[in-house]
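The values are calculated or read from the model by the stated rules, or taken from the named source; none is laboratory data. Given the structure is predicted, the values throughout are model-derived calculations rather than measurements. Counting neighbours? That spans all protein chains shown, and the Cβs are built from the backbone with ideal geometry, glycine included.
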Amino acid sequence: MQGGLHTKHRTMAVPGASLVPILLLGLGIRLAAAHSPAGVECILFNEEYMTCTWGSGQTLTANYSLYYWYENRSPVAECKQYLWERGVRTGCRFEQSEIIQFQPFHVRVNASQDGRILEIPSNRMELQNLVKPEAPVNLTIRNMSSNQLQLTWSSPYPKAHCLEHVVKYKSNKDTSWMKQEVKGDIFSFPSVDYEKFYTFYVRSKINNYCGSTQLWSEWSVPVFWGSNTTSKGRSSPEPPGSPRHPHTVLTVSPWLFAGMAEEQLQWFWIHTVLIPIASCLLLLVLVVLLVRMERVWVIIMPRIPNPNKNFDDLFITHNGDFQEWVGVPKDVVESFKPNYSESICHVSELPYEPLQDSIHPPGVPGPQEHGPYKNSYVGA
Amino acid sequence: MSHAFFRSIFRVLPLLLVLSPVNSSSCTMGNKTTEIRVKYENILSHDIEELVNISAEYRDRCCKNKRHEHNKVFFCNDTQEIESLQSMACNMLKFFNKQKINKEFRRKAALVSCGTLQVLQCKCGRHKKEKVCMQVNAPNNEDTETVEQLKKKCNQEFCELKENISSLRSCWNKFEKIISR
């Protein structure tokens with residue numbers, strides 16, 4: 001009996017016992033999935049300070065703690081200066097004294113919520129490969145001989161020899177940017193067009209001699225050169241052959257840069273979107289007008305003349321007699337006949353005979369038989 | 001008579017100890033940093049980069065569990081970068097004859113080691129591993145395995161070599177940064 005009871009309890013306990021680890025596993029997964037950051041990302045900004053972040057305040061809700069150590073060198077220490085966002089720790093800031101390069105660096109982030117702690121380890125890091133230098137400054141353009149420009153700059157990063165750079169440039173007539181890699185801090189632009197307006201940017205990265213990183217700095221503040229009729233008074237063209245001056249045009253403040261970018265964007269929308277659409281609409285309106293308005297249609301597509309009605313009189317009234325319709329005289333018509341013959345009409349002049357005065361006063365013609373017209377004959 | 005003999009011996013021995021270059025570095029390029037930098041930047045850095053790229057093609061998880069325990073750890077000590085590089089380069093030469101590692105990879109690693117020793121004008125002490133450098137520079141007429149075949153092999157010795165390569169590259173980076181000031 002008791003054995004039966006024990007068996008019954010045992011069978012009831014087994015499903016309960018198997019559920020507990022499943023529940024714990026589910027809770028752990030839930031905690032990890034809902035609150036775990038994607039990973040810890042560390043960046044050394046210009047080798048002055050470092051931030052290690054694991055997410056944003058929008059996605060994280062747990063309480064996070066960061067611990068770090070250098071391999072075979074230092075004990076584990078906790079972050080002294082946390083970064084906060086919306087009341088949640090999202091990162092840690094390290095000052096320069098806490099940063100050691102060329103020593104393997106480890107970080108561990110603990111997430112705690114409702115009494116449970118989840119450890120989030122990170123990979124071993126080499127801090128010299130996580131350096132992001134500051135953007136170059138003091139961009140300066142000089143006019144060299146034979147239409148050549150020389151762009152120079154300086155970098156806030158202390159070891160200039162460890163940097164490589166990229167120059168990005170284009171003119172106001174170009175549609176895309178050109179990029180050129182530069183080892184030193186001088187860029188020569190071989191042939192410049194004085195009619196164009198050029199814009200130059202530079203950014204930097206630690207080169208392969210001093211590290212292995214893909215972190216580029218931000219783009220520098222731009223520098224401009226050339227003539228631009230659309231941007232009033234920004235710079236004036238320098239005629240060729242003029243004395244060599246350091247033609248430093250402008251180093252523009254970020255606010256002006258933002259305004260110029262907006263203006264360029266507006267022009268872009270006008271040129272590529274507004275004008276084509278307006279042209280298409282105008283064309284459509286013209287076509288519709290063309291089809292609907294007959295007056296316009298007749299001007300563009302004039303009717304072909306049809307002389308059919310002009311000849312109704314010829315065929316109906318005159319029965320196809322063209323000569324009659326035209327109004328040619330009958331004798332002219334006869335004269336065109338091939339068997340036409342005309343009798344000869346002789347015309348002669350009678351001699352003059354003075355007449356007696358008693359009978360007929362001078363100037364008065366006599367009887368017809370002696371008249372000068374006696375023998376005249378006009379044949380028909 | 002005998003104590004005169006011993007007194008003379010005792011004077012000579014300390015003198016010999018002071019004069020013998022026991023602990024001095026066997027690298028002779030110490031102060032010529034400009035020359036070292038030129039050779040490193042123009043020649044050696046490209047070979048190191050190529051070697052790192054080849055070793056990066058191996059699956060990284062292959063060596064994750066094989067790290068730490070039996071590996072000899074090399075540090076790039078502050079103010080002793082040249083000595084650290086010498087130590088790393090000499091250690092890397094021993095992998096040249098490890099048959100479990102791909103032959104071409106071994107050869108390239110030895111090439112980098114020999115290049116490091118040549119740039120720094122260093123020797124490797126008693127074992128005279130520089131003989132390996134003569135073999136490395138000799139033309140290789142045998143067939144070499146392809147990179148695809150490289151990816152299949154992963155063993156403890158390979159992981160050690162990979163770790164060594166990474167340390168050597170980091171130490172060169174550190175040295176370059178220091179002399180760039």
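Across the stretch B:76-92, the number of residues qualifying as in a helix (DSSP H, G or I) and more than 8 Å from the chain's Cα centre (by Cα) comes to 4. The one condition from (1) modelled with pLDDT under 60; (2) over 25 Å from the mean Cα position of the chain (by Cα); (3) not hydroxyl-bearing (S, T, Y) that A:F257 does not meet is (2). For A:I277, state whether it is closer than 30 Å to A:V223 by Cβ and at pLDDT 80 or above. So A:I277 does not fit the description; no.
Residue count for the stretch A:179-200 under the criterion of being of a type in the set (S, T, Y), over 14 Å from A:F224 (Cβ atoms) and buried (at least 17 other Cβ atoms within 10 Å of the Cβ): the result is 0. Within the stretch B:169-181, residues that are facing chain A (nearest Cβ under 8 Å) and buried (at least 23 other Cβ atoms within 10 Å of the Cβ) reach partners that are small (G, A, S) and not in a helix (DSSP H, G or I) with beta carbons closer than 7 Å, at six or more positions or on different chains, in the pairs B:N173/A:G211.
Scoring A:I117 on the criteria (1) over 47 Å from the mean Cα position of the chain (by Cα); (2) β-branched (V, I, T); (3) within 14 Å of chain B (Cβ to nearest Cβ) leaves a single failure, condition (3).
Of the residues A:S154, A:S176, only one is away from every other protein chain (no Cβ under 14 Å) and either touching a Lys or Arg at 6+ places or on another chain (Cβ under 7 Å) or loosely packed, with under 12 Cβ neighbours inside 10 Å (or both); which?
None of the other options fit; the residue is A:S176.
Every residue, every condition in (1) in contact with a strand residue (DSSP E or B) (Cβ under 8 Å, 6 or more places away or on another chain); (2) surrounded by 13 or more Cβ atoms within 10 Å (Cβ to Cβ); (3) β-branched (V, I, T); (4) modelled with pLDDT under 90, yes or no:
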| residue | (1), (2), (3), (4) |
| --- | --- |
| A:V202 | yes, yes, yes, no |
| A:C210 | no, yes, no, no |
| A:W216 | yes, yes, no, no |
| A:V223 | yes, yes, yes, no |
| A:R244 | yes, no, no, yes |
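Considering B:K108, B:K103, the condition of being modelled with pLDDT of 90 or more and of a type in the set (K, R) is satisfied by B:K108 alone.
Can you find even one residue in the stretch A:133-144 that is more than 30 Å from A:L60 (Cα to Cα), within 14 Å of chain B (Cβ to nearest Cβ) and of a type in the set (V, I, T)? No; the residues of the stretch A:133-144 include none that is more than 30 Å from A:L60 (Cα to Cα), within 14 Å of chain B (Cβ to nearest Cβ) and of a type in the set (V, I, T).
Only residues that are of a type outside the set (A, V, I, L, M, F, W, C), over 20 Å from B:K174 (Cβ atoms) and either surrounded by 15 or more Cβ atoms within 10 Å (Cβ to Cβ) or modelled with pLDDT of 90 or more (or both) were counted in the stretch A:32-60, giving 8.
Looking only at the stretch B:37-51, residues that are more than 11 Å from every other protein chain (Cβ to nearest Cβ) and buried (at least 19 other Cβ atoms within 10 Å of the Cβ) come to 1 in all. Considering only residues that are within 14 Å of chain B (Cβ to nearest Cβ) and part of a strand (DSSP E or B), look in the stretch A:53-112 and name the one that is farthest from B:K177 (Cα to Cα). Among them, the one singled out is A:H106. Of the candidates A:E238, A:E262, the single residue that is under 51 Å from the mean Cα position of the chain (by Cα), at pLDDT below 75 and exposed (fewer than 12 other Cβ atoms within 10 Å of the Cβ) is A:E262.
Table: residues versus (1) part of a loop (DSSP other than H, G, I, E, B); (2) in contact with a Pro (Cβ under 8 Å, 6 or more places away or on another chain).
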{"residue": "A:V166", "(1), (2)": "no, no"}
{"residue": "A:K173", "(1), (2)": "yes, no"}
{"residue": "A:E195", "(1), (2)": "yes, yes"}
{"residue": "A:V202", "(1), (2)": "no, yes"}
{"residue": "A:C210", "(1), (2)": "yes, no"}
